[in-house]
Amino acid sequence: MDYAEAVRLANYLADNGSDSIVLAGSTGESPTLTNEEESVLFTEVKKGLGQKAKVIAGTGSNSTVTAVEYTRRAEALGVDGALVVVPYYNKPTQEGLYQHFKAINDAVNLPLMLYNIPARTGRNLEPETTLRLAELPNYFAVKEASGDLAQIKKIIAAAPQDFLLYAGDDNITLETLKAGGYGVVSVAAHLAGLPLKKMVDAYLSGDLKTAETIDKELQDIFQVIFITTNPAPVKAALNMLGFQCGVPRLPLVGLTESEKEQVRRVLVKHGLL
């Protein structure tokens, strides 16, 4: 782990449109980080960012006891919030999911964001369960990476006014905003943070034409960073831009030369290289 480079990248993101920085999420390769690495990462980035942006720590687990422990630890380290993913692999029922997330809520006094990504976890957090959890005091938002706009609309229509829905997929950010969503937890912001911010701001100010134009222009970036398993493509792109991000830890591997060329062409097209 290169903590100094992580701090540099976090500051770059904060300077280029990101209001908060998520650490140890899927793109942050949380499955292969040790507990100690996560603790140092949270501490160093929080210190290195100062008041420039908030820090949201990925603290989820498929063990409720572990998720509670990790979230308590993150709170003690001074992060601003936690991202808690649906338990993966063991496929709990919806009641099991509710009790899992309730246990985390009851253990801390920290803003919590639910993270629904069924393609990775094997279980969808159904809208009814999300809405039950939205009534608990610490859950302020959900990152919806189901890709299901009907589900997204159902949550937004029935959620409390202070419960926010963030897109979990860059390519449907604008559609999520149109449905009443609040923003995006973005991978593409590593490469196109300012245009993304401009798109969101344009939509919120009523300038739909500008928002739609930017969304259309960014679609090739949204696509190329998922030509193989995330985060390999975005790490390769950041390496090309001068960051020292290395390659993913096993079992993930870096891009092939053909895949690197696809990424490079998109970066050149957008004037990033």
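The values are calculated or read from the model by the stated rules, or taken from the named source; none is laboratory data. The shown structure was predicted, so the numbers you read here are calculated from the model rather than taken from an experiment. Cβ: placed from backbone, ideal geometry, glycine included. Neighbour counts: every protein chain shown. These area figures cover heavy atoms from the full protein model, side chains too; ligands, DNA and RNA do not enter into them. Shrake-Rupley method; radii C 1.70, N 1.55, O 1.52, S 1.80 Å.
For segment 135-147, check the following and say yes or no: at least one residue is open to solvent by 10 Å² or more (accessible area, probe 1.4 Å), part of a helix (DSSP H, G or I) and not aromatic (F, W, Y). No. Pairing each residue of segment 220-240 that is in contact (Cβ under 8 Å) with a residue 60 or more places away in the chain with any residue that is of a type in the set (S, T, Y) and not in a helix (DSSP H, G or I), provided the two are 6+ apart or on different chains, yields C-beta distances under 9 Å for N230/S26; N230/T27; P231/S26; P231/T27; V234/T27.
Of all residues in segment 247-273, those that are more than 14 Å from K235 (Cα to Cα) have Cβ atoms under 6 Å from Cβ atoms of residues that are surrounded by fewer than 16 Cβ atoms within 10 Å (Cβ to Cβ) and at pLDDT 95 or above, 6 or more apart or on another chain, in V266/D220.
Listed by position, the helices (runs of 4 or more DSSP H) inside segment 150-263 whose residues that are outside the structural domain of G28 (by the TED database) and charged (D, E, K, R) number at least 1 are 189-204, 208-224, 232-240. Among the residues of segment 103-118, those identified as surrounded by 16 or more Cβ atoms within 10 Å (Cβ to Cβ), of a type in the set (A, V, I, L, M) and not in a strand (DSSP E or B) are I104, A107, V108, L110, I117.
Taking V84 as the residue in question, decide whether it is crowded, with 20+ Cβ neighbours inside 10 Å, closer than 25 Å to A158 by Cα, in contact with a helix residue (DSSP H, G or I) (Cβ under 9 Å, 6 or more places away or on another chain) and touching a residue at least 24 places away in the same chain (Cβ under 8 Å). It is true that V84 is crowded, with 20+ Cβ neighbours inside 10 Å, closer than 25 Å to A158 by Cα, in contact with a helix residue (DSSP H, G or I) (Cβ under 9 Å, 6 or more places away or on another chain) and touching a residue at least 24 places away in the same chain (Cβ under 8 Å). In summary, helices (runs of 4 or more DSSP H) completely within segment 1-102 and bearing 3 or more residues that are assigned by the TED database to the domain that holds F140, out of contact with any strand residue (DSSP E or B) (no Cβ under 9 Å at 6 or more places or on another chain) and farther than 21 Å from F140 by Cα occur at 3-15, 35-49. Whenever a residue of segment 87-100 is farther than 19 Å from A134 by Cα, its partners that are of a type in the set (S, T, Y) and open to solvent by 30 Å² or more (accessible area, probe 1.4 Å), lying with C-beta atoms within less than 9 angstrom and at least six residues away or across chains, give the pairs N90/S63. A single member of I104, I117 is among the β-branched types (V, I, T), more than 16 Å from D148 (Cβ to Cβ) and modelled with pLDDT of 95 or more, and it is I104. Of all the numbered requirements in (1) closer than 30 Å to R265 by Cβ; (2) surrounded by fewer than 18 Cβ atoms within 10 Å (Cβ to Cβ), P160 misses one, and that requirement is (1). Scanning segment 104-134 for residues that are among the hydrophobic types (A, V, I, L, M, F, W, C) and over 22 Å from the mean Cα position of the chain (by Cα) gives a single hit, A107.
Any residue that is farther than 20 Å from A14 by Cβ and among the aliphatic types (A, V, I, L, M) - is there at least one of those in segment 180-199? No, segment 180-199 contains no residue that is farther than 20 Å from A14 by Cβ and among the aliphatic types (A, V, I, L, M).
The residues of segment 240-269 that are open to solvent by 60 Å² or more (accessible area, probe 1.4 Å) and not basic (K, R), listed by number, are Q244, V247, L250, P251, V253, T256, E257, S258, E261, Q262, V268.
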